[in-house]
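In what follows, a structure is listed as structure tokens, so that the remarks can point back to it.
Every number here is computed from the coordinates shown, using simple stated rules; none is lab data. Please read all numbers here as calculations on a predicted model, not as lab measurements. Please note: Cβ atoms are built from the backbone with ideal geometry, for glycine as well, and neighbour counts cover all protein chains shown.
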Amino acid sequence: MNLKKRILIAVCAILVITLILSFLQLLVVPKYRSNPEGAMIGEYYDQAGGHDVIFVGDCEVYESIVPATLWEEYGISSYVRGSAQQLVWQSYYLLEETFRYEKPRAVVFNVLALKYGTPQSEAFNRMTLDGMKWSTSKWKAIQASMTEEEHFLDYVFPLLRFHSRITQLTAEDFQYAFDAPAVSQSGYLMQTNIVPMTEAEEEGRTLSDYTLPESAMNYLEQMRLLCEKNGAELILMKAPTNSWAYWWYEEWEEQICTYAEEKNLSYYNFIPLCEEIGIDWNTDTYDAGVHLNVYGAEKLSRYFGALLQSAHHIPDRRSEAETSARWQERMDAYRKQKIQLEKE
Amino acid sequence: MKRSWMAVFALGLAVILSLSLFGCRKTEDNEASGGHFSVQYKGVTLEIGQPAEEVLKALSDPVSKKEIGDCGGLGAQVRYDYSSLILYVLESKDGAVIDQITLTDDLVATEKGICIGDSQDKVKEAYGNVIQSDGSRLVYTSGDNQLIFEIKDGKVSGIDLMQITQ
């Protein structure tokens, strides 16, 4: 056999093996259908571009801010790049990546995540990082996020991490191996259930230290500088929810107010504004006050949208044909999902 | 030709196998540090990081129970209110562990006999030189665990056992 044939055979064999490994990887990686929080970050790329406001942060953004309402009421084009327990350095790198796709006028960051100063959990890391497209931002986000037990190579080749799932594959793994329908509406994860908050929360757990971690505050400062460099205004928010497990302490509030004042940033803490916003804890939460449901999130979005337009001059784009057409599709999808979930 | 095919295929399989073996690490959660701080309640010794199931059975029904699931559906934080203390339990797929203990009255003491209402001096006598103090609290550390005494007017107004905040 001549050398050419041998090389050809070797190349073919390598290709076949690569294909098998790629297919196996597609099969075994989590599909995030029963816990859709892990699927949202990757959905951004199909809709990237043309947003005036980008929201980053943890569940308090993707369960509180409804881009569809911001559009419908104010013509504000926005997207939520939120994920479960999104740590501040993950928000930073997601934002760095987002600026490569678009130049929003404002970036809104939810401050609860500042309580974490170190990597927390691989499962939550995966929900944010696996969905990111490969870039230097993803690379740095992984480096900053890994717990001691994690390995960088597992993120490059998820098959290494999830190969043991090969014996636990379900129909879902085959169904969504190549393509999966979006779980969010412009980054908002819709919840229509109603589970009232029966008693008002009064306090959180005692903490050993009430100082927000220095590393977290450093990333916040980097985020501010990144926004400045890209011509975007950084706005800070705290969602109106305040349950004992995710308590917003007075000491944290003081630190954020001081920081915002020093850096001349707008900061909106919606906790004391619930009545003004119109939130009814009997109807506007799906889990007894921990998160808002769609009815509460729409109310908050209406309230915040007015502020974004009046105080931050975010434009009304409803008269722009192209943007309007794009949002019409998103509005249809939003309404359809709301009707569907309300029926279930 | 057949040999070459076999060699390349064997090499490929070897790569797959080695990648699989490389990925075959056992992932383990952090084990409880088994710190020395504890409280006795209804004849049960309570410590941070202790598996919660047996403890909860032994303590019988709490006055109230509140549960909050985490955002990714991976676990939950559960607060059990008893007559003299609050137990915070972290639940995950690997089981439930005691994450924090907050004493709420003077009927329960730490393992060195300190309870709410005792003097600051008594705390120092029992636990030695304070590790960290800002005037309103005395903080002691053992392994991953902390014992925190809230101080008001020279007396203990609150006691918490918890893991060191990450």
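For the reader, a short list of remarks on this structure follows.
- Plainly put, region A:138-208 has a radius of gyration that is 1.12 times its Kirkwood radius, both from alpha-carbon atoms, as the Rg/Rh ratio.
- Considering every alpha-carbon pair of region B:68-125, the percent of pairs per 10 Å bin, from zero through the bin containing the longest distance, is 21, 37, 24, 15, 3.
- Within straight-line cross-link reach of B:Lys93, aspartates and glutamates at Cα separation under 19 Å, skipping those fewer than 8 residues along the same chain: A:Glu37, A:Glu122, A:Glu149, A:Glu150, B:Glu28, B:Asp29, B:Glu31, B:Glu53, B:Glu54, B:Glu67, B:Asp70
- Net charge of the neighbourhood of B:Leu138, taken over other residues with C-beta under 15 Å away and scored Lys/Arg +1, Asp/Glu -1, is -2.
- Summing Lys and Arg as +1 and Asp and Glu as -1 over all other residues whose Cβ lies under 9 Å from the Cβ of B:Cys115 gives a net charge of -3.
- Principal-axis analysis of the Cα atoms of chain A puts helix A:136-145 at an angle of about 70° to the longest axis.
- Chymotrypsin sites (Phe, Trp or Tyr not before Pro) within region A:74-157, DSSP loop, no more than 12 other Cβ atoms inside 10 Å: A:Trp134
- Under 24 Å from the Cα of B:Lys124 - lysines, other chains or at least 8 residues apart: B:Lys112, B:Lys152, B:Lys155
- Other residues whose C-beta falls under 11 angstrom from the C-beta of A:Ile277 contribute a net charge of -3, scoring Lys and Arg +1 and Asp and Glu -1.
- Shape class for the protein assembly as shown, computed from the alpha carbon gyration tensor (a ≥ b ≥ c): oblate, with a/c not under 1.5 and a/b at or below b/c.
- Computed helical MRE - 222 nm, the protein assembly as shown, DSSP H runs ≥ 4 contributing -39500 (n - 2.57), nearest 500: -12000 deg cm²/dmol
- Percent of C-alpha pairs per 10 Å bin, region B:39-163, short to long: 13, 43, 31, 13, 1
- Cα centroid of region B:33-103 to Cα centroid of region A:287-321, whole Å: 39 Å
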